[in-house]
Each structure stands twice: as C-alpha cells, then as structure tokens.
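K.L.:
Input: one structure, supplied below.
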Amino acid sequence: MPKFQEQGARSASCSAPSLTSDPGGLIAKRYTIQERLGRGSFGTVYLVRDTKAGEGESLKVLKEIPVGDLNPNETVQANLEAQLLSQLHHPAILKFFSSFLERDTFCIITEYCEDRDLDCKIEELREAGRTLPEPQVTEWFIQLLLGVLYMHQRRILHRDLKAKNIFLKKNIVKIGDFGVSRLLMGSRDLATTFTGTPYYMSPEALSHQGYDSKSDIWSLGCILYEMCCLEHAFNGDNFLSVVMRIVEGKTPTLPERYSKELNSIMQRMLSKDPSLRLSAGDVLKMKFIEENMHSIRHKFSSSTLRDKTLKSERDTAQIVSALQKKVHMQTLRERSEVQKMTPRERMRLRKLQAADEKARKLKQLAEEKYEENYRRMQELRCRNFQKISVDVLNENMAEVANQTQPITKQDYQSLGCPQPVDRQQSDRLCMSEPREREIPEDPLTAEVYYYEDGFESCSDEEEAQEEDEDEGDKSLDTLRRTYGQDCDMEAMVKYMENVLESESSGSETVTEEAHEGSQGPGVINCTMAENKLQRMRESITERLGAEVFRKVYAYLKQARERRESEADIKESLGRLVEKPSDCFEVDQLLYYEEQLQRSRESQSAE
Ligand SMILES: Nc1ncnc2c1ncn2[C@@H]1O[C@H](COP(=O)(O)OP(=O)(O)OP(=O)(O)O)[C@@H](O)[C@H]1O
C-alpha cells in the first residue's frame, strides 16, 4: 500500500521562521539555537541550548509556532494551559518545560530525545527488511500504556497520538505533545479535527461523535499494529478511503509471529464501539500484560543496579586519572621552574629539598619511637595494675593509694624499660616547624608554600589545566545524563509496581477537564487553524505546482459534492497528475476547510 505524505509535510517554502533571523542570539534571554530538527504541520522544531539549565540538562527542544497577533486573553489562556502541562512528570511523557511568546511566535520548550521518533524507527526497520520482536513491542507498548494512564487519570487527552509523536530515548519511549492540541487549538472540536492524523483517528472522532479517552486508546491500538506490521493499521489510496476503512472496515489482525494475547488486546483496543474498547487501566490489568510487566520491571531494576556499579567504577577511574594528570602537571611545572633557575638557586632548592626529606625522615622516626614507647607504657601500667590488685587483698587502702602513685623515671629504670616520651612533647615534636627554613610539615602545604608563585606565570599550563577541567565537566555531563536515564528507568519501575499492586483497573472513560478559563471559542484556535491550512496549501503547491493544485482542488471539491465513486475519482485524478496518491493532501485540505467552516458556524450560533 502506498504511504501518503501527510498534511504539513516538511516544506521549505513556508514563511521563514523569525527566531532564526538573529543567529546566535538569545531567545527568551536563555536559549540559543543549535540546529533545526525538522518541520511539523504547526511549525519548526529546533534543538536549543538552555544557558540557564544545570549541567547535563541544557539540550532542549524549541517548537516555534507562528501565530500572528494574539490578544491578551488568548495569551493568558495559553499560559494557563502551559502551566498545567509543565506540572506533569512521567518517564513516558515528554517533559514540557515552558511556553512563551517571542516575536509573533508561540514557543514551546520540551525535553530532547536524541534517538528520534518511532516513525523514523519503523521506517528504518522497513528499509532494512527487519521487524520488531514481540518482547520489544510489549516493552514499548507497556511504557506507552503507563504514560497514557497517567494523563487520562489527570483528565488530559492527547488527540493526536501517532508514531511521529512518540520519541525514543535509550529504549524509553516518550509521548510528545500530550495536551498540546488543546494548548494550541483551545476549542475541543478544532483540537480534534486539526491535530488528528487520519490514519490514527477513531471512528467516533471522524464522524464527529465526540472525543474521549477511548479515542486515544484507538490511536494507541493503531500504534501497536504499526510496531508489529511496520505499516498503518488503516491504509487507503486516498483520504476518504482511509476514513471509510476506519469507520466501516474490518479490524486488522497481527501476523502469526505475534502471540494470540497481543493480537486480542490490539483488536479490543480497535473496537469500533468506544464503550467496548478497553481503557489503558484495563489493558494494564490483563494477565498477559502483568506477566510481561513483571519481567520488564526485573530487567529495569537489574539494569539500573548494574549501571550504578559500572558508573561508580567509572567514577573511580576518572578520579584516579584526574589525580594522575594533576601529579604529572605538577612534575612538569616543577621541572620548568627548575630550568628557569640560576645555578645558585638550584643549589638552594636542592638543599631545601634535602632538608625537607630529612625533616620527613625525622618526623617518621619520632612517630615510630613514640608509638613504641606508648605501647610499652601501656604494658607497664597493665602490669602495675595487676600488682596492685594482688596487694589489695593483703594490705590496707592507704597502702594501695601509695602504690598507685604515677610511675617515676626510676620505676622505668628499675624495670629496664625506656621511659615513654611525653605525649604533648611528642606532639610538639611532630607539629613544630623546622626553625631554619620554616618548611611546613604537611607536604601539600609545603609544596604550595614553595612553588606557588611559579604557577601564576604558567599561562600555557593554566590553559592545559582548564582543558583538563573542561574534560572533567564533559565527563560529568555524560555521567549526569546517564543518571537521568536511570531516573527514568527507576520511575518507570515505580509506576509498574503501582499498577501491579493496585486493585482497580481505572477503567473509567474520561473526557477532557475544562480548566479555568478554557471554555469558549478557544485559545489560538482560528489563527492556528488558518495557519495550518495555509501551510498545507504552500506544501501542496510546492509539490504539485500552482496550476495542477488549482485544477485538482476544483475537481475534488465538485467530485465530493457529487459523491462520485472512488474508482471514478482515481481515474480522473490520473488524468491530472502522474500519481493520484499525490492528491491525498488536497483531499485532506478540503476536509479541514469544511471542518473549520462548520466550527465557525457553530461558534457564531452559540
Ligand atoms: N523532543 C524532541 N526530540 C527530538 N526530536 C524531536 C522532538 N520534537 C520533535 N522532534 C523532531 O522534529 C521534527 C518535527 O517534529 P514535529 O513534532 O513538529 O512534527 P511532526 O510530529 O512530524 O508533525 P505534526 O506537527 O503534524 O505533529 C520531527 O522530525 C521530530 O522527530
């Protein structure tokens, strides 16, 4: 089956993004553009560096959506929706950081996923003639279910779940744009119509019978099919045939290489009647999914443990290597200092070093002696104490008191033992600074004391040291990023445990929560819808040429009004264009125009 280019295909001719007009400039006083990641139907997507973020968290994604002039109400409304989205935290949901208006564009800042999206992954597999094994499909599918459950429990719908909106970050899947349709389109009707990609749209959404959490489940069922078969669950030669397959067509089946259980779950998610469709909570409570969840939880737990061990080993290796580098640098510095000296200074230095060495040996000797003496004194005391104890049995208390006098120098001599060094005196010996040159005892202090000045003049070495520090920062950065990955895995384990331990399936169907101030005609809705249509027109014109586009548009409009058969339409389009499938977008454009017209009429009627 041909795969049609979807609406809003990446077109270079669409109006130039205003944020890039000042390359290298700061956006919202903190973001710098690193590269352009791509273009979606709403706007352009950039990889940015957040200059105010902590180490390892600075790479983010900026979605730039041209909106023209927004009135203050619309801005307040958008901010309200954005605030809500930024408070949601789940490892399977792409983190939404913030949104703001900058130079007539609405900007959304989200987490960056370096392993791209599921659509790219599927394309890659298809091209390589490979498929996804069932354990991988179930692992990703369970993560998706956990993310969807989290959002549905908070009464937030996606409305545009598709492979392109699912991102991969080191085997963790992240659903992008959850709740963003409402943020951009405001009104519920428009949000569904203008963000839903036909391949994933549920029968009830296509026939305007309302959109609820079960409609998201339908899209998730389509994604499950796509992960297994690497093609859309409902395909067709043109826009309307896709719609007809969804509304009236047979429910697809998974190939035999996938288990009966997985097939049955997918089919129950693709039930045409939303009330018969499973909810995310229902699916997560099924025996087959629970069993898989146990093994994924075990895999994630042991993987984070193994990673932690590996990381601490790597940390140690890094510290050792940093210390070795430091010692090497010091040796080099010392050598370069010595080379700069006059013979007289070198002689003095050698003497000082010899004195240092002598002092060190003396100190070591004194310490050894002290330890030896101290040990002997303890022995003596112990013997003396035993002697006193025996005497106590025979003599009176006064005599005992006499016996417990401190041991004198004579006592030691009479016992043939060396007298212990007085502890304070010994400490003084250890801590005292050699009078002649006053070399500090501590080697590190001594080193700084003697060679400090030399460091300041070594600008090359300083640079080298800075480079070393940068290296260190970079490795920390990598470490932190890996820790971030661990956090995701640990959080995922926690969510799996919650579901496994919970009694209820959370099978209630949810409609979207109306947040304060979000009723009514919507946020940026009409402007956004118009923008999207304009982008589609530009994209089609670029592909078909202005003249062919005009002819195809006029023909399809009439053909749909006259309700011509699909076969006739295909034949007529064949006379206008080389490939009739190229007209998919024109068909979709007509559909959207009609929806926008309807929406306007119903708004003015209200
Ligand atoms: N958070 C992200 N991390 C990494 N890449 C991203 C991220 N968000 C978007 N992209 C990439 O940027 C490109 C455009 O994405 P965008 O979401 O705007 O469009 P889309 O999903 O292709 O279309 P639509 O606007 O119809 O949803 C895609 O190639 C996508 O993979």
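The values are calculated or read from the model by the stated rules, or taken from the named source; none is laboratory data. Predicted model, so just to flag it, every value in this text is computed and none were measured. Positions of Cβ are generated from backbone atoms using ideal geometry, with glycine treated the same way; all protein chains shown enter the neighbour counts. Only protein heavy atoms, including side chains, enter the accessible area calculation; ligands, DNA and RNA are left aside. Shrake-Rupley method; radii C 1.70, N 1.55, O 1.52, S 1.80 Å.
K.L.:
Give the residue that is farthest from residue 95 (Cα to Cα), with candidates limited to residues of the range 106-127 that are open to solvent by less than 60 Å² (accessible area, probe 1.4 Å), away from the ligand (no atom under 12 Å from the Cβ) and part of a helix (DSSP H, G or I).
P.N.:
Looking at the filtered set, the residue picked out is 125.
For every residue, the table says whether it meets (1) among the aliphatic types (A, V, I, L, M); (2) outside the structural domain of residue 153 (by TED's automatic domain parsing).
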| residue | (1), (2) |
| --- | --- |
| 227 | yes, no |
| 250 | no, no |
| 253 | no, no |
| 260 | no, no |
| 266 | yes, no |
| 272 | no, no |
| 311 | no, yes |
| 315 | no, yes |
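K.L.:
Out of all the residues in the range 560-582, is one or more open to solvent by less than 50 Å² (accessible area, probe 1.4 Å), within 28 Å of residue 104 (Cα to Cα) and of a type in the set (D, E, K, R)?
P.N.:
Taking every residue of the range 560-582 in turn, none turns out to be open to solvent by less than 50 Å² (accessible area, probe 1.4 Å), within 28 Å of residue 104 (Cα to Cα) and of a type in the set (D, E, K, R).
K.L.:
Additional query: Where the second residue is open to solvent by 40 Å² or more (accessible area, probe 1.4 Å) and outside any strand (DSSP E or B) and the first is farther than 14 Å from residue 27 by Cα and within 7 Å of the ligand (Cβ to nearest atom) and lies in the range 40-55, which pairs have Cβ atoms under 9 Å and are six or more apart or on separate chains?
P.N.:
40/10; 40/164; 42/531; 43/531
K.L.:
Quick check on the range 83-93: of everything there that is modelled with pLDDT under 95 and touching a Gly at 6+ places or on another chain (Cβ under 9 Å), which residue is farthest from the ligand (Cβ to nearest atom)? Let's see the steps before the verdict.
P.N.:
Of the residues in the range 83-93, the ones modelled with pLDDT under 95 are 83-89.
Remaining after also requiring touching a Gly at 6+ places or on another chain (Cβ under 9 Å): 84-85, 88.
On the way: 84: 19, 85: 14, 88: 15 Å.
The selected residue is 84.
K.L.:
Based on what the data block shows, is residue 222 touching a residue at least 24 places away in the same chain (Cβ under 8 Å), open to solvent by less than 10 Å² (accessible area, probe 1.4 Å) and in the same structural domain as residue 553 (by TED's automatic domain parsing)? Reasoning before the result, please.
P.N.:
On the way: touching a residue at least 24 places away in the same chain (Cβ under 8 Å): yes; open to solvent by less than 10 Å² (accessible area, probe 1.4 Å): yes; in the same structural domain as residue 553 (by TED's automatic domain parsing): yes.
Considered against the rule, which asks whether it is touching a residue at least 24 places away in the same chain (Cβ under 8 Å), open to solvent by less than 10 Å² (accessible area, probe 1.4 Å) and in the same structural domain as residue 553 (by TED's automatic domain parsing), residue 222 comes out as yes.
K.L.:
For the list (1) touching a residue at least 40 places away in the same chain (Cβ under 8 Å); (2) in contact with a Cys (Cβ under 8 Å, 6 or more places away or on another chain); (3) more than 18 Å from residue 157 (Cα to Cα), I need the number of the one condition that residue 109 fails.
P.N.:
Result: residue 109 fails condition (2) only.
K.L.:
Filter the range 130-139 down to the residues that are in contact (Cβ under 8 Å) with a residue 60 or more places away in the chain and either among the charged types (D, E, K, R) or surrounded by 23 or more Cβ atoms within 10 Å (Cβ to Cβ) (or both), then identify the one that is nearest to the ligand (Cβ to nearest atom).
P.N.:
That would be 139.
K.L.:
Return only the number of the condition from (1) in contact (Cβ under 8 Å) with a residue 24 or more places away in the chain; (2) closer than 28 Å to residue 228 by Cβ; (3) not in a loop (DSSP other than H, G, I, E, B) that residue 85 does not satisfy.
P.N.:
(2)
K.L.:
Let me ask another. May I ask you to verify whether residue 575 is assigned to a helix (DSSP H, G or I) and at pLDDT 85 or above? Walk me through how you get there before you give the answer.
P.N.:
Numbers: assigned to a helix (DSSP H, G or I): yes; at pLDDT 85 or above: yes.
Yes: the conditions hold for residue 575.
K.L.:
Just for the range 204-243: of the residues that are over 33 Å from the mean Cα position of the chain (by Cα) and either of a type in the set (A, V, I, L, M, F, W, C) or not in a loop (DSSP other than H, G, I, E, B) (or both), which one is nearest to residue 599 (Cα to Cα)?
P.N.:
That would be 206.
Yes/no per residue for (1) in contact with a Lys or Arg (Cβ under 7 Å, 6 or more places away or on another chain); (2) within 22 Å of residue 534 (Cβ to Cβ); (3) not assigned by TED's automatic domain parsing to the domain that holds residue 537:
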| residue | (1), (2), (3) |
| --- | --- |
| 557 | no, yes, no |
| 562 | no, no, no |
| 576 | yes, no, yes |
| 582 | yes, yes, yes |
| 586 | no, yes, yes |
| 593 | no, yes, yes |
| 598 | no, yes, yes |
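K.L.:
May I pose another question? Could you identify the single residue in 210, 236 that is at pLDDT below 95, in the same structural domain as residue 146 (by TED's automatic domain parsing) and surrounded by fewer than 22 Cβ atoms within 10 Å (Cβ to Cβ)?
P.N.:
It is 210.
K.L.:
Quick one: count up the residues across the range 321-350 that are open to solvent by less than 70 Å² (accessible area, probe 1.4 Å), assigned to a helix (DSSP H, G or I) and either in contact with a Pro (Cβ under 6 Å, 6 or more places away or on another chain) or of a type in the set (A, V, I, L, M) (or both).
P.N.:
So the answer is 4.
K.L.:
Within the range 530-544, how many residues are open to solvent by less than 30 Å² (accessible area, probe 1.4 Å), farther than 19 Å from residue 598 by Cα and either basic (Lys, Arg) or modelled with pLDDT of 90 or more (or both)?
P.N.:
1
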